[in-house]
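The values are calculated or read from the model by the stated rules, or taken from the named source; none is laboratory data. Bear in mind the structure is a predicted one, so any value in this text is a computation, not a measurement. With ideal geometry, Cβ positions are generated from the backbone for all residues, glycine too; neighbour counts draw on all protein chains shown. Accessible surface is based on the protein model in full, side chains and every heavy atom, while ligands, DNA and RNA are left aside. Shrake-Rupley method; radii C 1.70, N 1.55, O 1.52, S 1.80 Å.
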Amino acid sequence: MPKPKVLSTNPLFGPAREILDKNFDVEYWDKRDHPNEEHISRADLLSRIREKDALICLLTEKVNDELLNAAPNLRVAATVSVGYDNIDVPACIRRRVVATHTPGVLDDTTADFAWTLLMAVARRLLEGDAWMRAGTWPGWDLDQLCGGDIWGKTLGIVGFGRIGRGVAQRAQGFRMKVLYSDQARVAPDVEKSLNAQFVDRDHLFAESDFISLHVPLLPDTRHLINADSLNKMKRTAYLVNTSRGPVVDEAALDAALAAGTIAGAALDVYENEPRVYTGLIGRKNVVLAPHIASASIDTRTKMAVMAADNVLAVFTGRRPPNALNPDVLDN
Ligand code: DGY
């Protein structure tokens, strides 16, 4: 019996490859074989997917009607990411293709990194680092690189899912007041254990010293941070984004930083990755990271294993544990 054919747009990590290689006929796209390309090109993806039964992809590849049309045999598309704005789930439902993602395993690593960014921007770490590397530190001085305090301040978390709650949990060590906004309030015992208070978004914008974004990219979260919301924030506030780039209107953020509407921003994600809004690049009060919030070896390995296991489930009669559209398996 020939094994089902899988296309993986990344070589993944050893433990994920073990699962895949044992059970499937796998084609891995590897940038090491394509010196001028960072990711598989769309044309290459559309051609390689033709005979495949399963796809393991990254958030940089769109699974939409165009791809599904090119893949008549496809049964499952597994993105190695928790965010799945790269997947047109309704299109997958129409084609009866199972779509899966990787929730849960990256929450703590991502919450850690939101804190990394928050602390780096508030304490002006990169400005200091640049001095040290350039040999331009003039020596200690009293008013040098004075940033914002973190301990005892108010942290506003927009989106109180697993990652947002992880960020709140870490705030306790800094004796912070935690506000959160979301579509619904979490259970009282969760609020109590995280010492978090449910408020509306405008209240959160007005009261927070740090605002950390943890919402998925949806039509109503696109440009949730815009000129209007930035104007509601404190002039001393810092914005942290580890969610999705288009949640922040980068042009509006740049204008707000230029005008001193807020004190600083730390971003891991961008509206048009891998590009960054040009104005932000020259700003000292901005920390820019290349979408690495979940990038620990352990976590990225777990994500890859999870994607491989979801694919395996589809071909071994198990329910894929992380299906976004499990109903396609039922009818
Ligand atoms: C995700 O998983 O959605 C992150 O953006 C990358 O880990």
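Rolling a 1.4 Å probe across the protein heavy atoms gives the chain an accessible surface of 49 Å² per residue. Segment 198-265 and segment 35-82 have Cα centres separated by 33 Å. With the highest mean first, a sort of the peptides 60-70, 232-242 on other beta-carbon atoms found within 10 angstrom per residue produces 232-242, 60-70. Stretching Met1 away from Asp149 to a fully extended chain increases their span by 46.9 nm, per 0.36 nm per residue minus the current alpha-carbon distance. The share of accessible area on segment 169-307 that comes from carbon and sulfur is 51 percent, using a 1.4 angstrom probe.
Atom-type composition of the exposed protein surface of segment 65-161 places 54 percent of the accessible area on carbon and sulfur (1.4 angstrom probe). Just so you know, the averaged projected area of the alpha carbon convex hull for the chain sits at 19.4 nm². Lysine pairs in the chain whose alpha-carbon atoms fall under 15 angstrom of each other, counting only those eight or more residues apart or on distinct chains, come to 7. How big is the gap, in Å, between the Cα center of segment 126-180 and the Cα center of segment 274-331? For segment 126-180 versus segment 274-331, the Cα centre distance is 26 Å. Normalised by the number of residues in the chain, the average gap of Cα pairs under 8 Å and 6 or more apart makes the relative contact order 19 percent. The listed peptides 174-187, 84-97, 306-319, ordered by packing as a protection proxy, come out as 306-319, 84-97, 174-187 (highest mean of other Cβ atoms within 10 Å first). Eigenvalues of the alpha-carbon gyration tensor of segment 25-162, scaled by 5 and square-rooted, set the equivalent ellipsoid semi-axes at 44, 21, 11 angstrom, largest first.
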